[in-house]
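J.: One structure, as structure tokens, below. Some questions next.
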Amino acid sequence: MFSWLGTDDRRKKEPEVFQTVSDGLKKLYKTKLLPLEESYKFHEFHSPALEDADFDNKPMVLLVGQYSTGKTSFIRYLLEQDFPGMRIGPEPTTDSFIAVMHGDTEGVIPGNALVVDPKKPFRKLNAFGNAFLNRFVCAQLPNPVLESISVIDTPGILSGEKQRISRGYDFAAVLEWFAERVDRIILLFDAHKLDISDEFSEVIKALKNHEDKIRVVLNKADQIETQQLMRVYGALMWSLGKIVNTPEVIRVYIGSFWSHPLLIPDNRKLFEAEEQDLFKDIQSLPRNAALRKLNDLIKRARLAKVHAYIISALKKEMPSMFGKDNKKKELISSLGDIYKRIEREHQISPGDFPNLKKMQDQLQAQDLNKFQPIKPKLLEAVDDMLANDIAGLMVLVRQEETQRPNAVVKGGAFDGTLNGPFGHGYGEGAGEGIDEAEWVVARDKPAYDEIFYTLSPVNGKVTGANAKKEMVKSKLPNTVLGKIWKLADIDKDGMLDDEEFALANHLIKVKLEGHELPSDLPAHLLPPSKRKIPE
């Protein structure tokens, strides 16, 4: 008689099946999370509703920094070409938010036209009004870098109350909106004139809860000597430690991201290594985009749940007839106690709660009587999404990643050092001697041979046990020496002849000099007697 109840229960527990991660996120958001957000006025308090374009758009990189820290030059450096609306100078030149995106033809789309385009993820910026939209444009151009990512250039952050007021819109709130939706936030600092203004400090605080997306670039580092650079780096880390409230040390990339000659080239190798690390981080964004969107949806769902508990708790406390105004004031002032009660009742982490002061300010303008009481079905739908559907999407994320192993940013500066002698580390470490006709190990082979013949070779080979006695003198750990042995024992007979022994010692030297070992032996390191003669 009641068999339909059982089937309905089963249907609830079975996670939905989706074709793509993007489609899955859209459907889960619209069917399970959006109803909860709308019921408890989430969009008025925290963040506008998400649209299809938010799930479909390419990964975005947000550049933030004080004026003249090289934000626009950084974009120019990545693209290796100018973009429409670009202005570079030591004075505050960029006074607008510029979304640099891919397009078949070069052109500029003004803000008001941009926020009505359903294919662009900017429709909800409409809420910031004309003062902002007049300072927001999209620069489109055909560039291979922009086929994989979009870049958001921001106005240079100034100091002082006057500039903050004269913007005419809430600058920190706009940045917070972007921070929620972008994949990477790059904070740029000028090594030559390092300071963090009040507004910049405020902006960094507005990026709270997005620390995982933040990377810091200490730009124009070629303009100062090594000793000064160390002091500037230390001062920056100390300043950031006071503003970015995380126990981990934030990652800072040191370099000079423009195409001019280095003024002081002493730290060239450091700049190259740092640039390579930053480029790898940016290049990984397309591959990790689906996972980032999934992560952001989970964060949003957790906040929406907590918000629903807060709103329903306030509604429950409100009187139905008299003394509403006094009760409202009392509830707002004791909001911290309500937080603690919800935390205890529902076992919620304190880190999931919205900012107390901000929430109190927002509640002043609300009619608490119009709030909704708790609706278990809406909360159950979100819990079901987090417990079951997200797990299914995680599997799909991994499948999509394996199907697109080469989904990296290409073109522009990203291709500049991939091949040829200007690739990072070319001709160094295990790459030394790559262009030479002579075997590079032969330079030191006489010294290695002297040691080899003290190890009692039999039929021209030393045993593993005898070779080990010599190799451990390097004090390298067994894991490293084991890898060196695998690379050097080319014929895999468990012994080393004089060439293999010389190669093993060469690789030990490479490691002791601070270079990484190759996973496979490069062709130029293969001993001459082991090389195949071309037919």
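The values are calculated or read from the model by the stated rules, or taken from the named source; none is laboratory data. Source: prediction; values computed, not measured. When we count neighbours, we look across all protein chains shown, and the Cβ atoms used for this are built from the backbone with ideal geometry, even at glycine. Ligands, DNA and RNA are excluded from the accessible area calculation, which covers all protein heavy atoms including side chains. Shrake-Rupley method; radii C 1.70, N 1.55, O 1.52, S 1.80 Å.
J.: In this structure, is residue 179 within 21 Å of residue 150 (Cα to Cα) and surrounded by fewer than 19 Cβ atoms within 10 Å (Cβ to Cβ)?
T.: Against the criterion (within 21 Å of residue 150 (Cα to Cα) and surrounded by fewer than 19 Cβ atoms within 10 Å (Cβ to Cβ)), residue 179 does not qualify.
J.: Considering 274, 211, which residue is of a type in the set (Asp, Glu), on the phi < 0 side of the Ramachandran plot, open to solvent by 50 Å² or more (accessible area, probe 1.4 Å) and out of contact with any Cys (no Cβ under 7 Å at 6 or more places or on another chain)?
T.: 211
J.: Would you check if residue 463 is hydroxyl-bearing (Ser, Thr, Tyr), closer than 23 Å to residue 519 by Cα and either out of contact with any Pro (no Cβ under 9 Å at 6 or more places or on another chain) or at pLDDT 90 or above (or both)? Spell out the reasoning first.
T.: Values: hydroxyl-bearing (Ser, Thr, Tyr): yes; closer than 23 Å to residue 519 by Cα: no; either out of contact with any Pro (no Cβ under 9 Å at 6 or more places or on another chain) or at pLDDT 90 or above (or both): yes.
Here the answer is no, as residue 463 does not meet what is asked.
J.: Further, regarding this structure: Going by the conditions given, is residue 266 within 20 Å of the chain's Cα centre (by Cα) and either of a type in the set (D, E, K, R) or assigned to a helix (DSSP H, G or I) (or both)?
T.: Answer is no for this residue.
J.: Can you name the residue in the range 375-412 that is β-branched (Val, Ile, Thr) and open to solvent by 40 Å² or more (accessible area, probe 1.4 Å) and is also nearest to residue 20 (Cα to Cα) among such residues?
T.: Restricting to residues being β-branched (Val, Ile, Thr) and open to solvent by 40 Å² or more (accessible area, probe 1.4 Å), the top hit is 395.
Let's see how each residue does on (1) over 17 Å from residue 62 (Cα atoms); (2) at pLDDT 90 or above:
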| residue | (1), (2) |
| --- | --- |
| 123 | yes, no |
| 144 | yes, yes |
| 156 | no, no |
| 165 | yes, no |
| 192 | yes, no |
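J.: Still on this model: Looking at 213, 220, 205, 280, which one is under 22 Å from residue 71 (Cα atoms), free of Cβ contacts under 8 Å to residues at least 12 places away in the same chain and within 24 Å of the chain's Cα centre (by Cα)? Outline the logic, then answer.
T.: Details: 213 fails: free of Cβ contacts under 8 Å to residues at least 12 places away in the same chain; 220 fails: free of Cβ contacts under 8 Å to residues at least 12 places away in the same chain; 205 fails: free of Cβ contacts under 8 Å to residues at least 12 places away in the same chain.
Within the list 213, 220, 205, 280, the selection yields 280.
J.: Being open to solvent by 50 Å² or more (accessible area, probe 1.4 Å) and part of a helix (DSSP H, G or I) is the filter here, so list the residues in the range 306-335 that pass it.
T.: 315, 316, 317, 324, 325, 326, 329, 330, 333 - these are the residues of the range 306-335 that are open to solvent by 50 Å² or more (accessible area, probe 1.4 Å) and part of a helix (DSSP H, G or I).
J.: Residues of the range 345-354 being farther than 19 Å from residue 315 by Cβ, without any contact (Cβ under 8 Å) to a residue 40 or more places away in the chain and in a helix (DSSP H, G or I), which ones?
T.: Residues satisfying the conditions are 350, 351.
J.: Further question: I'd like the full set of residues that are in a strand (DSSP E or B) and either touching a helix residue (DSSP H, G or I) at 6+ places or on another chain (Cβ under 7 Å) or among the hydroxyl-bearing types (Ser, Thr, Tyr) (or both), limited to the range 100-156. Don't jump to the end; show me each part of the working.
T.: Restricting attention to the range 100-156, the residues satisfying the condition of being in a strand (DSSP E or B) are 100-102, 107-110, 136-141, 150-153.
Once the filter is applied, which keeps residues that are in a strand (DSSP E or B) and either touching a helix residue (DSSP H, G or I) at 6+ places or on another chain (Cβ under 7 Å) or among the hydroxyl-bearing types (Ser, Thr, Tyr) (or both), the range 100-156 yields 100, 101, 102, 136, 137, 138, 150, 151, 152, 153.
J.: Given (1) touching a residue at least 60 places away in the same chain (Cβ under 8 Å); (2) more than 13 Å from residue 62 (Cβ to Cβ); (3) crowded, with 19+ Cβ neighbours inside 10 Å, where does residue 197 come up short, assuming only one miss?
T.: (3)
J.: Buried (at least 16 other Cβ atoms within 10 Å of the Cβ) and in a loop (DSSP other than H, G, I, E, B): which single residue out of 366, 372 fits that description?
T.: Values: 372 fails: buried (at least 16 other Cβ atoms within 10 Å of the Cβ).
When all the criteria are applied, what remains is 366.
J.: If you scan the range 229-248, which residues turn out to be open to solvent by 40 Å² or more (accessible area, probe 1.4 Å) and either of a type in the set (Phe, Trp, Tyr) or in contact (Cβ under 8 Å) with a residue 24 or more places away in the chain (or both)?
T.: 233, 235, 238, 245, 246
J.: Residue 47 - would you say it is among the small types (Gly, Ala, Ser), at pLDDT below 90 and in contact with a Pro (Cβ under 9 Å, 6 or more places away or on another chain)?
T.: no
J.: Anything in the range 57-73 that is open to solvent by 30 Å² or more (accessible area, probe 1.4 Å) and at pLDDT 85 or above? List them, or say none.
T.: Result: 58, single match.
Yes/no matrix, rows are residues, columns are (1) part of a loop (DSSP other than H, G, I, E, B); (2) within 30 Å of residue 363 (Cα to Cα); (3) over 22 Å from the mean Cα position of the chain (by Cα):
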position	(1), (2), (3)
23	no, no, yes
29	no, yes, yes
32	no, yes, yes
36	no, yes, yes
44	no, yes, yes
48	yes, yes, yes
63	no, no, no
69	yes, no, no
74	no, no, no
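Here is a yes/no grid of residues against (1) under 20 Å from residue 306 (Cβ atoms); (2) over 29 Å from the mean Cα position of the chain (by Cα); (3) free of Cβ contacts under 8 Å to residues at least 40 places away in the same chain:
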| residue | (1), (2), (3) |
| --- | --- |
| 342 | yes, yes, yes |
| 356 | yes, no, yes |
| 359 | yes, no, no |
| 374 | yes, yes, no |
| 393 | no, no, no |
| 399 | no, no, yes |
